[in-house]
Structure formats: C-alpha cells, structure tokens
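The values are calculated or read from the model by the stated rules, or taken from the named source; none is laboratory data. All figures in this text were calculated on a predicted structure; none of them were measured in a lab. Cβ sites come from the backbone with ideal geometry, for glycine too, and all protein chains shown count toward neighbours. SASA here: full protein model, heavy atoms, side chains in, ligands and nucleic acids out. Shrake-Rupley method; radii C 1.70, N 1.55, O 1.52, S 1.80 Å.
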Amino acid sequence: MTLQWTAVAFFLYAEIAVNLILCIPFISAKRWRSVFNLSIWNWLSPYWNKCFFTMIMVLIVLFCDAVREVNKYSGPESMQDAKVNPNVYDHVHMKLFRAQRNLYISGFSIFLWLIMRRVVTLLNQVAVTLENSAGLEAQMDNAVKAAKQHQDDNLMLKQALLDEEKSTSAKNQQLKLEVEKLANQVKAAEEALRRSHAEVEAMRRQAKGLAQEYDRLLTEHHQLQNLQSAADKKDQ
C-alpha cells in the first residue's frame, strides 16, 4: 500500500472512531455542544469549511483514480494478457484487488466524512432545540404560575367582594333597623309634641277663662264698692 492510500486508510479508521464516539447514547447533545463550543474549535471554525471541502476534493480525486484503476485492470485487454502469461494473471488480479480496496477505502471515506459533518450538525441542532425547548418550558411554567397566581388573586378578590358585600348588607340591615328605630322615636316625639300642643292650648283656654272670670269679678268688685259708697253717702 502506497503512502497516500495508507493515509486514506488511517483517515477512514479515524472517521469510524469519531462517528462511533458521536453515536454513544449516554453522551447528550448538550454535552457535545459544550465540547464543540470550546475555544479551540472557535479558533479552528474559520478553517473548517476550507478543510472539509479540501478533504472532499482529495477523496474524490482518489476515488476517481481508484475507479480508473479498477476499470484498467478489469478490462478485456488485461484479461487477455493474463490468459497468455500465468504470472501476469496473478499480477493483474493483485492490482485489481488493490484498486478495488482503494475504491472501497476512498468511497467509504467520502461517505463517512459527509456522515460525520451531518452528525455534528444534527447534534448542534438537537442541542439548540433542547435549549429552546427548555426555555419554552420555563416560559410555559412561568406562564402557568402567573395564570395560577392571577386565578388565586381573582378568587381572593371575589372572596373579598363577597365578604364586603355581606358586611355592607349587614351594615345596611343595621342602618335600616336604626332608621326604623329613629322613625319610631320621631313618631313618638311628634305624638308627644301634639299632646304638648293640646295641653298648651287647653291651658291657654283655661287661662283665658280665668282672665275673663277675673275681669268679671273685678267689675263686680267695683260695682259693690260703688254701691257701698253710695250707701255711705245716704247714711250721712
């Protein structure tokens, strides 16, 4: 195996190892996102796309070269030469085997390179989705708590309004009783005032009658005094 295909083989083994590690089930997407957010990856991120497309181009060139080698050693001309000379037959089959091996190595390297990029992208997307879901869940919990708090506040306000309504009703009932009591007291006072007026009127009439009787007695007294004076004059 030449140096370039040895490097491609090691690259394939590295891809297999990395993909297996990325597919480990007990490592969460958030953990992988924290790993991908390390400072070293941030430093390498400007070169990542260039490296990716460079490796793709190199692997495609090697894949095309392996396809060419497979077509070369599986063609009819090579088989005719192999039938003529048995040593050439073994050499051609060895070359064909190596070309096919290189074809598989380069093909799987391209496939796993694309798969690894896709897996990393999906892990980042899953981590972001989980973070957004956690944020949405937290917002939903806060909204539920706020709604529950508002519901409790509404219940407390309703209870306070009911208590105030009951208190107001009791106060109104008490005020109504006091008004009725005051009305009865006013009615009794009016009745007492009417009686007082009647008594005052009766006393006024009685006083008027006494004054008239006094005037009559005073008149009779003057008449008697006049008669007595007249009688005294006659006796003299």
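Odds and ends about this structure:
- Solvent-accessible surface (1.4 angstrom probe) belonging to Trp5, in square angstrom, nearest 10: 10 Å²
- For the chain, the residue among Ile60, Leu161, Trp113 whose Cα projects farthest onto the positive side of the dipole built from Cβ charges is Ile60.
- Equivalent ellipsoid, region 161-221 (semi-axes from 5 times Cα gyration tensor eigenvalues, Å): 57, 5, 4
- Here the calculated FRET efficiency for Asn71 and Ser34, from their Cβ-Cβ distance with R0 = 41 Å, stands at 0.30, rounded to the nearest 0.05.
- Given the choices [x] 34.2; [y] 18.8; [z] 11.9, mean projected area of the Cα convex hull in nm² derived from the coordinates of this structure is entry [x].
- Of the residues Ile27, Gln206, Leu193, the one whose Cα sits farthest towards the positive end of the charge dipole of the chain is Ile27 (charges of +1 on Lys and Arg Cβ, -1 on Asp and Glu Cβ, taken about the Cα centre).
- Fully extending the segment from Gln125 to Leu162, taken as 0.36 nm per residue of separation minus the present Cα-Cα distance, adds 7.9 nm.
- Listed by number, the DSSP H helices of the chain that run 18 Å or longer by alpha-carbon position along their axis and have mean Kyte hydropathy of at least 0.5 are 3-22, 39-73.
- Sulfur and carbon atoms: percent of accessible area, region 92-153 [1.4 Å]: 64 percent
- Region 147-221, accessible area per residue, ligands and nucleic acids excluded (1.4 Å, Å²): 93 Å²
- Ranked by how many other beta carbons lie within 10 Å on average, peptides 161-171, 123-133 from highest: 123-133, 161-171
- Extension gain, Ala192 to Lys176: 0.36 nm times the residue separation minus the Cα-Cα distance gives 3.4 nm.
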